[in-house]
Structure formats: C-alpha cells, structure tokens
Protein chains: 2
Amino acid sequence: MRTLLTMTEKTDGATKTPRPYHHGDLRRAILTAALDVIAADGPFALSLRDLARRAGVSHAAPAHHFKDRTGLLTAIAAEGFGLLAQTIRDAADLKDAGVRYVRFAREHPAHFQVMFAPDLLRADDLELTTARALAGDALREAVTAVNPENRGTDARLAGIAAWSLAHGFATLLLGRNLDDPVGDRDPEEVFRTLATMLFRSA
Amino acid sequence: MRTLLTMTEKTDGATKTPRPYHHGDLRRAILTAALDVIAADGPFALSLRDLARRAGVSHAAPAHHFKDRTGLLTAIAAEGFGLLAQTIRDAADLKDAGVRYVRFAREHPAHFQVMFAPDLLRADDLELTTARALAGDALREAVTAVNPENRGTDARLAGIAAWSLAHGFATLLLGRNLDDPVGDRDPEEVFRTLATMLFRSA
DNA sequence: CCCACAACTTGACACTGACAAGATTGCCCG
DNA sequence: CGGGCAATCTTGTCAGTGTCAAGTTGTGGG
C-alpha cells in the first residue's frame, strides 16, 4: 500500500493505472527483488510476503510463479548455473575459466550463494539439474583443454584442484574473510597468481 | 506428556527428582540439538521452539541463554572457531593443517557451515571475534612455518592459496558437489594430492 | 463471441521469534 | 539455619511468515 508504484516501471506500454491487476512480468520482478534482498542480507532475510509487497501485489501472488520459497530459490540457482555455464564456456583457457568463476561470484553474489546452498533447493528440479550439468560440462571442458604438460597428474584431480581453488577463493571473498590479506589489490589479479601457483607447467 | 516433570511434589529435591524445574545444562543441550538440526537440514531449518521442545523446556527458555536466534548461531560459530584453532595448532606442517581443515569440516559440518555464513552471525560479538582471531593466528602460523623453498612467492599469497584450496575443497565436499569426482576415495587423501600440486618445491 | 485458463486476490490456519511479566529454585550471606 | 536474591524457567501475547483453499479478474485462442 505504501509502495503503489515505486520505480518498477520497466516495460509497460499503458502506464496509467497504478495497479493493473496483471503485473506484466511479475516473475522477473520477484526474482530481481529476491536477488537484491539476498545480496544485501542473505537468503535468510528473504520473505515471500516482503517480495510481494515490493512488487505491489498480494501476498500469495509469488506462489503462483514459484510454488513456494524453495521453488523461488531453486529458480534462482538454476538461473545462476545457466549464467555460470555461459561464462565458463567463453573462457580462453583453464586459468581464464577460474578468473571468470571468481568474477561471476562477485558480480552475482546472490546467485552464487544460493547455488551452493543445497538445503535451500529442490534437488530433483529439472531446470536446476540440467543447468547444473551444463555448468559442469563447461568446467570439465575447460579442464581437459588445459595444456597437458602435467601428464603425471590425473585430469580429474586437476579439475578438482582448480575448482576447489576458485570456489574457495570466491567463497572466502564473498564472506569478507580475505579483506585484509587481499587488501586493495584486484581480486582477479590475486587469483591469477594463485592459479599460476597451482599449474606452473612452463 | 510434557508436564510430567513440572508441578512435582514439594520433596526436598536434593536426591530425588532427576530433572525438576532447572534443566541442569540447558545451554549445552540446546547447542547440541541445534548442531544436529543444522547438520541434517541446514541452518534454515533451525527453530528455537523446536529446540526447546527437544530439550523438554518451554518455548522461551533458550532465549535466556542465547539472546535470540542470531545469538545461538553466533555461539555455535565461536565454538567452531575455537575447535578449529585448536585443531590447526596441532598440525605438523602446512599440508597437515590443510588436511585437518578438511577433516574439521567433515567432522563438524554444522559448525563449519555457520562459521562462514556471516549474515547469520552477530559480527561484533566478542567471543566470536576472539575465537576467529585465534583460528586466523593458527592458520597464519602454519603458513609462515612452511618450508620456504618457494622464495619467489609472497608468503601472504601462499596463505591465501592454501586457505582457498582447503576451504573450497571442504565446501564443495559438504555441498555434495564432489561425489562423483572423488568417488569412494578417501577425501583427505585426495586433498593431500591437491596440496602437493599447489606446493611442489622439489 | 465466449470460455477455459492463467494471473492475481482474499481469507484462513498453524507456526515462528521476540518480548513482558510471573513462577520456581539454587545458593550466598547474614 | 533461614531469608532473600538472582539465575533459571514458564506462561501469555503479538506481529509476522509460509502455505493452502477458494474466489475474482483479465485474456487469448477456438
């Protein structure tokens, strides 16, 4: 009631009525609002009723697009894995994939957080599993395409190592655990150094 | 059912009633119950009232020991950092510290999860910050005590790398993201291989 | 044109965290 | 020994939440 029409006037043609019963793109509105809340205060602070208020709809409207709270978070995670897959796919080499992984976590912190919080997700959701598989394929491809100078190490282990390093760095970064060690240096540049430490082949 | 131990007769109570009005060690009981719930279903599934029910006390009893939900989780995180510090301190070298880090995450998944979920914690809590500082000291000590053959790399960067690798591996492990890559191999042994990949000096 | 379906609303219920005020008890100090 | 005091626990209450059920409104395809 207090937020009749905030600045949610995105792509509507007839922008006269304050609340035209049909929102137009409520699903997207709820998603972006949820991403804002999660990025600011974490997934715990997320309230479906609050999201509905922000979008200017009734408290039960979100349930029609996402069945319940878990459904909303699952949709976010699926979207995140899709974005990540696309990002990794364009990587030049494995180190670049790692850099992009870290960049993704920083640019999409809400997605990243939810993607790796399995208790919040519907594990058997189709969109989620397919998107996750896509991201996994992209990661595996980046690993196998690495310059195979280190023949002695199993490619699978190299993949685990690369993923662990990137994931740990990104996670600690988002949790503000590396503020003083990294300082004001560019995190991506720091990670590049870490990656060379892992795979120094030449 | 729940009222069988309240309204007891007015006996002396020195040797008769096992658990009268006063629980005895309610704080510990709530903590361990909370750890069970978190390990099973994550911190989101945690309900103060449910914990009170499990302990056989009234719904408002936990609030006396931990001010609120955040207070309970903060206490868990502080305890976790204390345990971690003690574990890391006993490490032989840096690789052993990493192995112990991973082992800690697997043996105390609830602690580990809460420790690195800053939105759930009271950041300025004294016990938490001191325990965290202790753990940080132990980690830093393990890093600086490493065999300094790799002169070229900054010790600080080496610390970030080691922590990132261990933390990422542990996190992915807990999130069940490494089930098929690791397979039935011992995770600690797998991590040992990763660690040697990071620091191969000879 | 109309009607079946999608989008949204209203209402209700059980549950939760948090607060306030009262009850009970261990125990310290006289 | 015993009285009071503070810690511990209870009862009661309130606003807020997720989720279900049933009704209302708009819209696009036959």
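Read-outs: derived from the displayed coordinates by stated rules, not from any lab. Here the structure is a predicted model, which means the values were calculated and not measured. Heads up, the Cβs are rebuilt from the backbone with ideal geometry, glycines too, and the neighbour counts pull from every protein chain shown.
Just a few scattered comments:
- About its Cα centre, the dipole of the stretch A:26-65 is roughly 180 debye, where the only charges are +1 on Lys and Arg Cβ and -1 on Asp and Glu Cβ.
- Label-to-label distance, B:Asp186 versus A:Arg200, with points set 7 angstrom from Cα along the beta-carbon direction: 2.9 nm.
- Selected from B:Glu127, B:Glu79, B:Glu107 as most flexible by GNM, with chain B as the system and alpha-carbon contacts under 10 Å: B:Glu107
- Label-point distances for A:Leu126 to the equivalent site in the other copies, using a point 7 angstrom along Cα→C-beta, read 5.7 nm when ranked shortest first.
- Rounded to whole numbers, the Karplus 3J(HN,Hα) couplings from phi for the stretch B:44-57 are 5, 7, 7, 10, 4, 5, 5, 4, 4, 4, 4, 7, x, 10 Hz, using 6.51 cos²θ - 1.76 cosθ + 1.60 with θ = phi - 60°, and x at Gly and Pro.
- Viscosity 0.692 mPa s, 37 °C: Kirkwood-radius Stokes-Einstein D of chain B over Cα pairs, µm²/s: 171
- Among the residues of A:116-123, the average count of other protein chain beta-carbon atoms within 10 Å of the residue beta-carbon is 4.
- Between the stretch A:41-57 and the stretch A:87-114, the alpha-carbon center distance in angstrom: 27
- Plainly put, the tip 7 Å out from Cα toward Cβ on A:Arg156 is 3.9 nm from that tip on each other copy, the closest given first.
- Length added when fully stretched, A:Asp36-A:His64, from 0.36 nm per residue minus Cα-Cα: 8.0 nm
- Partner shielding of A:171-180 amounts to 4, given as the average count of beta-carbon atoms from other chains within 10 Å of each residue beta-carbon.
- In this label model, A:Asp93 and B:Thr130 are separated by 5.0 nm, measuring between points 7 Å along each Cα→Cβ vector.
- Taking the label point 7 Å along Cα→Cβ, A:Asp25 and its counterparts in the other copies are spaced 5.8 nm apart, in ascending order.
- HN-Hα J in Hz across the stretch B:86-99 - Karplus 6.51, -1.76, 1.60, θ = phi - 60°, x for Gly and Pro: 4, 5, 5, 4, 8, 6, 6, 9, 5, 5, 4, 4, x, 4
- Other protein chain C-beta atoms within 10 Å of residue C-beta, averaged over A:187-200: 4.
- Across the stretch A:173-184, rounded Karplus estimates of 3J(HN,Hα) from the backbone phi angles (6.51 cos²θ - 1.76 cosθ + 1.60, θ = phi - 60°) give 5, 5, x, 6, 8, 10, 4, 7, x, 7, x, 9 Hz, Gly and Pro being marked x.
- Of all the options B:Ala135, B:Ala105, B:Ala92, the one that moves most in a Gaussian network model of chain B with Cα springs shorter than 10 angstrom is B:Ala92.
- Computed helical MRE - 222 nm, chain B, DSSP H runs ≥ 4 contributing -39500 (n - 2.57), nearest 500: -19500 deg cm²/dmol
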